[in-house]
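What follows draws every value from the coordinates through simple rules; no lab data is involved. Keep in mind that this is a model prediction, so the values were computed, not measured. Note that we place each Cβ from the backbone using ideal geometry, even for glycine, and neighbour counts take in every protein chain shown.
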Amino acid sequence: MRNNVYSLFLISAFLILSGVGESFCQTPSSFRKIFEQETQVQSASRNLPLFENITHLSYFPDTLPDWFFHPPAGDSQNVFAIGISDPDLPEDEAFEQALFRAKTMAMLFSHTKIEYYRDVFSSDKPGHRSKGYRHRFDTYFRLSATDSASRESFTIIDQHVTQYNESIILVKYRPAGSRKQKDFIVTSEATVLYVEARIGNLFEPQAAYNIQSTIIKKDQVQKTSFHCIQKGRRELVRSERNGQEVEFPVFLYRFTDSQHESNSRPLTAYNGLWGNFIKQTLKHLALATEQSSMRIRVVGENHQPESSELAREVAVKTARLQINQIELQPENLILDMSIQKKTD
């Protein structure tokens with residue numbers, strides 16, 4: 001056996017040295033060419049059929065600009081907001097969708113009505129060891145705003161296009177004075193329905209995040225909506241524009257920042273950056289409203305023969321919103337936001 005192996009080695013060496021085995025040798029340039037083909041072209045071709053408008057994909061996550069993580073601070077006259085398009089759109093369509101979303105978010109942040117209520121239900125059935133105690137939280141949260149604006153009210157501060165054909169736009173919104181011409185009317189509404197139910201030792205939260213906006217300009221009406229249904233760790237999203245569904249593949253959309261460390265994990269957003277951004281924004285605002293002052297009252301109570309209670313928490317206010325900072329984590333964006341209550 002050893003002699004056979006040694007003979008094969010000598011034959012291979014002879015072929016290489018004599019030129020017969022030249023095709024098996026790889027120079028540094030040929031090795032690099034094969035490496036690029038195997039690691040980029042072929043890998044990309046396996047993923048490209050999922051997309052319609054992306055011609056190249058990189059293994060590296062997309063590096064988001066610094067202004068995305070630290071948006072400019074607004075004041076009494078100016079509001080800053082970010083709009084993000086869905087993935088895999090043509091460049092012009094992505095820009096228009098991102099700008100539309102940025103404008104509606106700016107109007108929503110400028111002067112929004114916050115409505116919140118939460119029903120807390122608990123019951124205890126003596127004698128039922130596994131399912132005797134039940135606890136359920138039903139939370140409904142809504143942001144809504146309607147106002148008119150002029151074209152001069154919005155200024156594009158900066159923009160970025162990701163490798164997934166997502167357009168990200170930062171706008172400044174300065175509300176038009178009463179004397180200025182109003183070119184269009186903007187209506188936005190964002191809602192969160194969050195259900196937490198615990199029966200015995202079983203617990204699985206469910207949530208629905210929705211945002212829909214309309215811009216009316218003379219006889220032209222533009223509408224967009226985004227819906228995300230979450231059950232446990234599973235998500236189902238649907239994006240619509242003017243009544244038509246905007247389709248894009250579920251994919252490992254990965255993002256990082258310019259300061260990331262080499263061993264840190266990027267954010268993975270399976271439904272694109274906008275889906276994660278709007279979900280975390282609404283979740284943050286709902287939690288912040290829950291922790292603020294609100295009216296609490298007992299709606300129902302019964303102690304015989306079982307113990308049950310229903311309490312309702314309610315909050316209604318008008319506020320101005322601002323994103324102070326955004327941080328990336330492997331599964332979610334973490335937002336730091338300000339909620340300034342308005343009296344008018």
Simple label model, 7 Å out from Cα along Cβ direction - residue 338 to residue 236, nm: 4.0
When each of 103/283; 223/342; 103/342; 223/341; 182/283 is checked by Cα-Cα distance, pairs over 26 Å: 223/342; 223/341; 182/283
Cα-based shape type of the range 150-273, given that a ≥ b ≥ c are square roots of the gyration tensor eigenvalues and the cut on a/c is 1.5: oblate
Extension gain from residue 291 to residue 268, taking 0.36 nm per residue of separation minus the Cα-Cα distance: 5.4 nm
Residue-span extension gain [residue 260 to residue 161] - 0.36 nm each, minus C-alpha spacing: 33.7 nm
